[in-house]
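Chemist: Encoded as structure tokens, here's the structure I'll be asking about.
The values are calculated or read from the model by the stated rules, or taken from the named source; none is laboratory data. None of these values were measured; they are calculated from a predicted model. Counting neighbours? That spans all protein chains shown, and the Cβs are built from the backbone with ideal geometry, glycine included. For accessibility, only protein heavy atoms count, side chains too; no ligands or nucleic acids. Shrake-Rupley method; radii C 1.70, N 1.55, O 1.52, S 1.80 Å.
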Amino acid sequence: MPFDQSLSISEEAIKDACRVIKAVGEKESELHSDNILEDDKAVELVVTYEVEGDRKDTPCIIPLKHSLFRVEDGDNAILVISKNDTTTKAALSANPVPGLEKVVVVDKMRKTFDRYMQKRDLLRAYTRFLCDASIVPLMPSILGKKCMISKRHPTPVSITKKSPEKLREAIQKALSSTSLFVNWGVNTDVKVGKLSFSEQELLENILCVLPVVYKYINAEKISRLALKVLLI
């Protein structure tokens, strides 16, 4: 059941927090400047709350104003489709989505990546995972426990009976989103940006996320909102 309450937090306070987290992250990057891998860092909104009401086993998908998926940063994606889908792959070949590098049928995915090492290599090969909304329940067994623990659940995309243009639009929207997990824990982390984002970009993404947080978590039960950085 959605909640109507929301915390009274000014945009200026959020922007101040963005300024601080960028300074902390940049300082941390300087301390590890000898690292050959110059990875960007993710910025996450941490929500600490008391468990109350229904929990969701699947993520809430939240469109962001500034996408975390950037082809220019080397991001790439794979889309898993139903075995009965005979049109999506051809449609995307004719109308490609930047960064979507592979479209694979679920049965082939299951056979090709059935061992732990293969699943691990799959996680390393792709930044984002998408799947036809109709096969979401099959994905945990295919992608493996490590994928689920790291909250790299595939983003569901409704692709049935869509024109090539609408299909392309749906996939781009999925790639531009983030996920909110409301499960049995007392903390949930939502990716809201990258350290390379400006303070304004982080602010605008956080303002996209907060209304969804308040929809699924009673604001009166939230004890802490904070930002943190971590290696992507």
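Chemist: Just give me the residues in the range 1-37 being open to solvent by less than 60 Å² (accessible area, probe 1.4 Å), at pLDDT 90 or above and under 23 Å from the mean Cα position of the chain (by Cα), in sequence order.
Modeler: Within the range 1-37, Ile14, Lys15, Ala17, Cys18, Ile21, Lys22 qualify.
Chemist: Out of Lys228, Lys173, Lys162, Lys191, which single residue is out of contact with any Pro (no Cβ under 8 Å at 6 or more places or on another chain) and more than 14 Å from Val46 (Cβ to Cβ)?
Modeler: So the residue among Lys228, Lys173, Lys162, Lys191 that is out of contact with any Pro (no Cβ under 8 Å at 6 or more places or on another chain) and more than 14 Å from Val46 (Cβ to Cβ) is Lys162.
Chemist: For the range 170-183: of the residues being under 20 Å from Leu207 (Cβ atoms) and among the β-branched types (Val, Ile, Thr), which is surrounded by the fewest Cβ atoms within 10 Å (Cβ to Cβ)?
Modeler: Among those residues, the one meeting the criterion is Val182.
Chemist: Also, I was wondering about something else. Mind counting the residues in the range 93-111 that are assigned to a helix (DSSP H, G or I) and open to solvent by 60 Å² or more (accessible area, probe 1.4 Å)?
Modeler: Number of matching residues: 5.
Residues checked against (1) surrounded by fewer than 17 Cβ atoms within 10 Å (Cβ to Cβ); (2) of a type in the set (Gly, Ala, Ser); (3) on the phi > 0 side of the Ramachandran plot:
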position: Pro140; (1), (2), (3): yes, no, no
position: Lys146; (1), (2), (3): yes, no, no
position: Ser158; (1), (2), (3): yes, yes, no
position: Arg168; (1), (2), (3): no, no, no
position: Gly185; (1), (2), (3): yes, yes, no
position: Leu207; (1), (2), (3): yes, no, no
position: Leu210; (1), (2), (3): no, no, no
position: Lys228; (1), (2), (3): yes, no, no
